[in-house]
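A quick write-up on the structure given underneath.
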Amino acid sequence: MRGLIPRAAVDGDLTVTRGGRRRVETLLHWPTTLYLILVTQAPFLYALWLSLHSWNLQMPGLGVPFVGLENYAYDLFQDSTFWISILNTFVITAGTVIVMLILGFVFALLLNRRLPGRGLLRTLLIIPFLVTSAVTAVLWKDTLLNPTYGMVNYLLSVVGIHGPPWLTNYGLVSIIAMNVWQWTPFCFLILLSGLQALPEEVMEGAQLDGAGRVALFRHIIVPQMVRYIEVAVLLGSIFVFQTFGKIYIGTGGGPGVATTNLSYYVYRVAFLDFSVGGAASLGVIGVVLAFVAVQLLFRVFREGTAL
Amino acid sequence: MSRSRGRGLGTWGLDALTYFLVLAFISPFLWMVLTSFKTEVAAYTIPPLIFFKATLAHYASVFASRFWFYFQNSVWAAVGSAVLSVIFGTLAGYSLLYLSRKRASGLLFFIISTRFMPVAAVVLPVYMVLTQVHLLDTHAALILVYTAMDLPIVTWMARSYFADIPTEIFEAASMDGAGPVQLISRVALPLAGPGLWAAGLLAVVFSWNEFFFAVNITYTQAPTLPVLVSSFMTTQGLYWARLSALDTLVVVVPVALGLIAQRHLVRGLTAGALR
């Protein structure tokens, strides 16, 4: 009888029934588990193998000789573009996450207040997150950031500033701006759900005036929100780490390699240079970096979930 | 809130600021939609035109191009992967509730970590395997890859919706003689239904918007709408109004579905860690 009830619900350990037979429910995860092993882990192992070999698709005559850690040694010690791409990945991720967090918090605080049309405003604010990233890239590159006809430089010209060609002179800033536009709603949603989880008296009190409001914000709201902020930062970092479409469409990684991040560099080495081993080793390094981030993420998750 | 109070001037000021900031933030989107109804000349006019004689010519020309071919490919890839990931993910999410705490936690860690693996690491091996099995540039290839990307999110969402169902309901049902199959089909699925639908919609949105794999593993047979946007940008990037019409058409589906599922977004995005 007890064995029929889901484990999480009764908070006991009911993997096996009294007779010792495995319950059929415990087997239902296998299609998912096997699928993910096959489609994500197996290719990764293949990538590991490839990264230890030299393989250029343009020169099939050379074969696929085993070269040990040569590809990694090249990435780390001889390839300046590799280090630039790592630095750019970091700048894009950190820049996006910091600005997204500030804007997301401002929007969450503003839209947690009671005001007419609040539901509609919340809905509208989500839209940029749902817009296809390829479209975001096109939209920003053309109608917003075009040096002559773009909206941004027009608005700057109204206040007497002669705007620069953004994508060429401030490539990383432009990519960060596109990312911020896409990911701020994501951050807003998470932080808003955090504010909504606060006891109502706190938010009531927060609408008091003057110094009381500041103190409440600093000593009560922010500490309660730490967990939500952490989740937003870590998830945001992991997704933004993979920025690709905006660079592919927006700047082509340039000028030169000024906006090339790790994702775009892997694409370039794999599909433009046809260096299979080189691209594989870059990908593996990317996984190592992401793994560190995931470890951090789960430390946060484990603390707060019902797991 | 029990007491009511008058809205002071400061409150109105904050309200006005809120409206302004939200509209300013989404103005690029509004601008895109507006531009799609302009003539090309009007699209390039400085200062930018807000009032103009609207035209549907760009929508007509986009429809007359190969838009529907790409649209169909997107539908195949997104719906195919969403259906598969909801079926597998629902089973897995349900299964997780019956595993021991330690195993469930370990398995969840594995499942979600696959979503966080940089796609750049696997795109090349996947490309080479697809070439060898002659699946490169097919709907099947996209469905295969997108299902793997959607499964972690769907599984996490499903698990959290199942966990929300009160134990008493399962108890009552099994006292009435319901077996494992009835517990799923008569109790768990109906109660978690809205959440599972939302998970499916989000899976469609994510697959629809995916670009990295789409551009690297499809060419002429199965390219999706983001690939069309990218190639349109290269060949006809100067036609802002027509490009905006295409952009608007491409985002209609994900924006509409995402807004329908918006109540479930937080749970989906945070993999069930936050409610």
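The values are calculated or read from the model by the stated rules, or taken from the named source; none is laboratory data. On a predicted model such as this, the values are computed, not experimentally measured, just so you know. Glycine gets a Cβ as well: all are built from the backbone with ideal geometry, and neighbour counts include every protein chain shown. These area figures cover heavy atoms from the full protein model, side chains too; ligands, DNA and RNA do not enter into them. Shrake-Rupley method; radii C 1.70, N 1.55, O 1.52, S 1.80 Å.
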Using the structure shown, decide if A:Pro65 is touching a Ser or Thr at 6+ places or on another chain (Cβ under 7 Å), at pLDDT below 90 and surrounded by fewer than 16 Cβ atoms within 10 Å (Cβ to Cβ). yes
Number of the condition not met by B:Ile111 [criteria: (1) touching a His at 6+ places or on another chain (Cβ under 9 Å); (2) farther than 20 Å from A:Leu38 by Cα; (3) among the β-branched types (Val, Ile, Thr)]: (2)
Restricting to region B:68-106, name every residue that is open to solvent by 20 Å² or more (accessible area, probe 1.4 Å) and among the aromatic types (Phe, Trp, Tyr). B:Trp68, B:Phe69, B:Tyr70, B:Phe71, B:Trp76, B:Phe88
Restricted to region B:232-249 and to residues being within 14 Å of A:Leu144 (Cα to Cα) and of a type in the set (A, V, I, L, M), the residue farthest from the chain's Cα centre (by Cα) is B:Leu238
I'm told A:Val266 meets every condition in (1) exposed (fewer than 15 other Cβ atoms within 10 Å of the Cβ); (2) at the interface with chain B (Cβ under 8 Å from one of its Cβ atoms); (3) modelled with pLDDT of 90 or more except one. Can you identify the failing condition by its number? (1)
Can you pull out the residues in region A:247-262 that are in contact with a Ser or Thr (Cβ under 6 Å, 6 or more places away or on another chain) and open to solvent by less than 40 Å² (accessible area, probe 1.4 Å)? A:Ile247, A:Ile249, A:Thr251, A:Gly253, A:Val257, A:Thr259, A:Thr260, A:Asn261, A:Leu262
Helices (runs of 4 or more DSSP H) wholly inside region B:41-120 containing at least 2 residues that are among the hydrophobic types (A, V, I, L, M, F, W, C) and more than 22 Å from B:Val204 (Cβ to Cβ): B:57-64, B:101-116
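Matching residues to (1) at the interface with another protein chain (Cβ under 10 Å from one of its Cβ atoms); (2) among the small types (Gly, Ala, Ser); (3) in contact with a strand residue (DSSP E or B) (Cβ under 8 Å, 6 or more places away or on another chain):
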residue: B:Phe170; (1), (2), (3): yes, no, no
residue: B:Gly177; (1), (2), (3): no, yes, no
residue: B:Ser185; (1), (2), (3): no, yes, no
residue: B:Leu189; (1), (2), (3): no, no, no
residue: B:Trp208; (1), (2), (3): yes, no, no
residue: B:Leu257; (1), (2), (3): yes, no, no
By residue number, the members of region B:181-221 that are in contact with a Pro (Cβ under 8 Å, 6 or more places away or on another chain) and either of a type in the set (S, T, N, Q) or touching a residue at least 24 places away in the same chain (Cβ under 8 Å) (or both) are B:Val204, B:Val205, B:Trp208, B:Asn209, B:Glu210, B:Ala214
Filter pass, B:Pro223 being more than 10 Å from chain A (Cβ to nearest Cβ) and of a type outside the set (S, T, N, Q): yes
Residue within region B:122-138 that is surrounded by fewer than 19 Cβ atoms within 10 Å (Cβ to Cβ), more than 22 Å from the chain's Cα centre (by Cα) and under 30 Å from A:Met151 (Cβ atoms) present: no
For A:Phe82, state whether it is in the same structural domain as A:Ala280 (by TED's automatic domain parsing), under 19 Å from A:Gly286 (Cα atoms) and in contact (Cβ under 8 Å) with a residue 12 or more places away in the chain. yes
Result of the Cβ filter at 7 Å on region B:166-180, keeping first residues that are closer than 13 Å to B:Leu97 by Cβ and open to solvent by less than 60 Å² (accessible area, probe 1.4 Å) and partners that are modelled with pLDDT under 85 and of a type in the set (A, V, I, L, M), at least 6 apart or interchain, is B:Thr167/A:Ile5; B:Thr167/A:Ala9; B:Thr167/A:Val10; B:Phe170/A:Leu4; B:Phe170/A:Ile5; B:Phe170/A:Ala9; B:Pro180/A:Val24
Scope region A:154-181; condition surrounded by fewer than 21 Cβ atoms within 10 Å (Cβ to Cβ) and of a type in the set (S, T, N, Q); matching residues: A:Ser157, A:Thr168, A:Asn169
Among the residues listed as A:Thr93, A:Thr132, the single one being at the interface with another protein chain (Cβ under 7 Å from one of its Cβ atoms), open to solvent by less than 40 Å² (accessible area, probe 1.4 Å) and within 29 Å of B:Val229 (Cβ to Cβ): A:Thr132
Options A:Val269, A:Val257: the member that is without any contact (Cβ under 8 Å) to a residue 24 or more places away in the chain and either in contact with a helix residue (DSSP H, G or I) (Cβ under 9 Å, 6 or more places away or on another chain) or under 30 Å from B:Ser231 (Cβ atoms) (or both): A:Val269
